[in-house]
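No value in this document is a laboratory result; all are computed from the given coordinates. What you see is a predicted model, and the numbers here were worked out from it, not measured in a lab. Here the Cβ is made from the backbone with ideal geometry for all residues, glycine too, and neighbour counts use every protein chain on show.
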Amino acid sequence: MGGREATMVLLDENGIRCDGRKIDETRKITIKAGVLKNADGSAYIEFGDNKILVGIFGPRDVHPKHMSDTDTGILRVRYHMEPFSVTERKNPAPSRREIEISKVIKEALEPAVMLEKFPRTAVDVFIEVLQADGGTRCAALSAASVALADAGIPMRDLVAACASGKVADTIVLDVNNEEDQAGQADMPIGYMPNLKKITLLQLDGILTPEEYKKCVEVGVNGCKIVYELQKKALTDKYFGNGSD
Amino acid sequence: MASKSVIDELKKTQILELLEQGKRVDGRALDEPREISIETNAIPKANGSAKVRLGDTEVLCGVKIQPDRPFPDMGDKGIFICTAELLPLSHPTVETGPPQPHVIELARVTDRGIRESHMIDLSQLVIEKDKSVVGVFADIVVIDYDGNLFDACSYAATAALLTSTTPKWTMVDDKVTLVDGEESPLPTTTIPVSVTMGKIGNYIIVDPNGDEWDSMDARITITTNSDGNICALQKGGSDGFTQEEIVQCGEISVRVGAKIREKLKESQQGSQ
């Protein structure tokens, strides 16, 4: 973890966290499906102070051609942060961190997407982090699932994502930026609730085997909360208020 | 490595058929890592080094220790950076040029396992607060490939760091100056051990070899520290794990990791 000294009380005696949440509470999450005109599918998520936009193109021709696969479609994911999304300006060129996150998000989505129906094509997922505040990969993954569904790409399940972690010796849900910097562990989880499969899992920080088990459990429960909001975003677009 | 061929499909079928009988292609038990050999001080010009063979996977780590500027918000801590690279001689599919995403992931996962375990006591590596600190650079190169680079790289870096000695510097007239003849072991607090498991069908196998690596549906790398706690984890591959499997993998990593930690300790004692 960041290893920085906490300048604030991370968890008070009533079990209230630095941003006023309870230990099993997520930040405020809003997801909207279909927010872009040109993309085949899109979604916008606000996850606490994270603001992330996802656009989907495809299935479409693969360029360069040698990347295409005659047996299946391929998924390509670009996770990118805007220079203005963080406190200190970020160099706009893709960092090693962004390349790694792109890869783990791609691998988290692949089990859900039925790409075998579209051989020789590519589905491109473009994730743009407009503002970052801890937990961007989970927010981005949740939004990307909604955007893929919005693009009409056949899916086995949505991938919902949420982080759990250890803050002030307590396992908590949805670690925010301050807790990530000063906390003891951060475990982002991506989960397909219907298929009961974990498709993204990382961990920074030290956990005993018991805490580890608890942390996975808490995170999976968080994913189920996000899942409901993802479904709501899709029903709102396709069945809500008589539009579309 | 990356390209799937008919041969790979046949191999996968064979590997899966064997697993159904409780066997692996090279005769190991499902939770049995390949033989590990560690040669420390392989590069005497480095401050610490180790060549590690994990089956037929071979990697080399050299540690360089030199004064550096601290990170702006970490003026009271030394610097630790770990990199990993696949040499073009390690496999026919490796090309020169900017690193591929899977190599970047390899380097970052190896770095994270060591960093998050707090193996190196960075607070002891300060020359002058906010001005100059000691930088520890563990650079790993892959020499020969036969699967599971994550663990091979982690063991090489850990063994190299355990046997590293650091020179001593002081500030003289605002300049960092080497104090001759004052070398001491690098301050370490714990021994991180990464254990990578592959999932093929519904089977979890420890330390997949090259053929198994090409056949797996998903993988998970879990790093534990000397207290038997879990300090870093990375899931990869295009399939998922159930919650039960994740817990099971955690247990395997603690159990198998403890045995490997003894090997790393032996290599440290052997070099003294």
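Here the range A:29-242 is assigned +1 on the Cβ of each Lys and Arg and -1 on the Cβ of each Asp and Glu. Its dipole about the Cα centre then comes out at about 700 debye.
Per DSSP H run of at least 4 residues, take -39500 (n - 2.57); add these up for the protein assembly as shown, divide by its residues and hand me the 222 nm value, nearest 500 deg cm²/dmol. If you can, show how the numbers build up before the last one.
Numbers: 9 runs with 146 residues, N = 516.
Roughly -9500 deg cm²/dmol at 222 nm, from the helical runs in the protein assembly as shown.
Within the range A:45-91, report the trypsin sites (Lys or Arg not before Pro) that DSSP leaves as loop and that have at most 14 other Cβ atoms within 10 Å.
When the trypsin sites (Lys or Arg not before Pro) of the range A:45-91 are filtered for loop state and at most 14 Cβ neighbours within 10 Å, A:R89 remain.
For the range A:2-62 versus the range A:105-131, the inter-centroid distance based on Cα atoms is 19 Å. A Cβ-based charge dipole, computed about the Cα centre of the protein assembly as shown with Lys and Arg at +1 and Asp and Glu at -1, lands at about 820 debye.
The longest part of chain B holding none of the exposed loop trypsin sites (Lys or Arg not before Pro), meaning those outside H, G, I, E and B in DSSP with at most 16 other Cβ atoms within 10 Å, is B:132-272.
Could you line up B:V179, B:V25, B:V6 from fewest to most neighbouring Cβ atoms inside 10 Å? Please report the intermediate quantities before stating the final value.
Details: B:V179 11, B:V25 15, B:V6 7.
Starting with the residue having the fewest Cβ neighbours, the order is B:V6, B:V179, B:V25.
Between B:T165, A:L229, B:P33, the Cα set farthest toward the positive side of the dipole of the protein assembly as shown (charges on each charged residue's Cβ, about the Cα centre) is that of A:L229.
Counting neighbouring beta carbons within 10 Å and listing from fewest to most, the residues B:I246, A:I99 come out as A:I99, B:I246. Of the residues B:P44, B:T110, B:G75, the one whose Cα sits farthest toward the positive end of the charge dipole of chain B, with +1 on the Cβ of Lys and Arg and -1 on the Cβ of Asp and Glu, is B:G75.
Using DSSP to call loops (not H, G, I, E or B), can you name the chymotrypsin sites (Phe, Trp or Tyr not before Pro) in the range A:30-100 whose Cβ has at most 13 other Cβ atoms within 10 angstrom? If you can, show how the numbers build up before the last one.
Working: sites: A:Y44, A:F47, A:F57, A:Y79, A:F84; in loops: A:F84.
Hits after loop and neighbour filter: A:F84.
Please give the net charge around B:P88, taking every other residue with its beta carbon less than 14 angstrom from that of B:P88, where Lys and Arg add +1 and Asp and Glu add -1. Present the calculation step by step, with values, prior to reporting the outcome.
On the way: positive: none; negative: B:E85, B:E95, B:D144.
Neighbour charge sum, excluding B:P88 itself: -3.
Farthest toward the positive end of the dipole of chain A, out of A:F84, A:I153, A:P94, is the Cα of A:I153, where the dipole comes from beta carbon charges about the Cα centre.
Mind sorting A:Y238, A:Y191 by how few other Cβ atoms lie within 10 Å of their own Cβ, fewest first? Could you put the intermediate results ahead of the total?
Working: A:Y238 13, A:Y191 30.
Going from least to most buried by this count: A:Y238, A:Y191.
Which of the GluC sites (Glu not before Pro) across the range A:1-82 are loop residues per DSSP, with 11 or fewer other Cβ within 10 Å?
Numbers: sites: A:E5, A:E13, A:E25, A:E46; in loops: A:E5, A:E13, A:E25.
Passing both the DSSP loop test and the Cβ count: A:E5, A:E13.
Helix A:209-239 and the long axis of chain A differ in direction by around 50°, with both axes built from C-alpha atoms. Estimated at 0.36 nm per residue, the fully extended path between A:F84 and A:E25 surpasses their Cα-Cα distance by 18.4 nm. Shape class of chain B from the alpha-carbon gyration tensor: prolate, with a/c at 1.5 or above and a/b greater than b/c.
Angle of helix A:96-109 to the longest C-alpha principal axis of chain A, folded into 0 to 90 degrees and rounded to 10: 70°. Magnitude of the charge dipole for chain B, about its Cα centre and with charges confined to Cβ atoms of Lys, Arg (+1) and Asp, Glu (-1), is about 300 debye. How many percent of DSSP beta bridges within the protein assembly as shown run antiparallel, rounded to 5? If I count the DSSP bridges inside the protein assembly as shown, around 85 percent turn out antiparallel. Here the range B:92-165 and the range B:200-272 have alpha carbon centers that stand 18 Å from each other. Based on Cα contacts under 8 Å between residues 6+ apart, chain B shows a relative contact order of 21 percent.
Taking θ as phi - 60° and the Karplus parameters 6.51, -1.76 and 1.60, the scalar couplings of the range B:158-170 work out to 5, 5, 5, 5, 5, 10, 7, 10, 10, x, 10, 10, 9 Hz in sequence order, x denoting glycine and proline. From the square roots a ≥ b ≥ c of the eigenvalues of the alpha-carbon gyration tensor of the protein assembly as shown, which class results: rounded (a/c under 1.5), prolate (a/b over b/c), or oblate? Because a/c hits 1.5 or more and a/b fails to exceed b/c, the protein assembly as shown counts as oblate.
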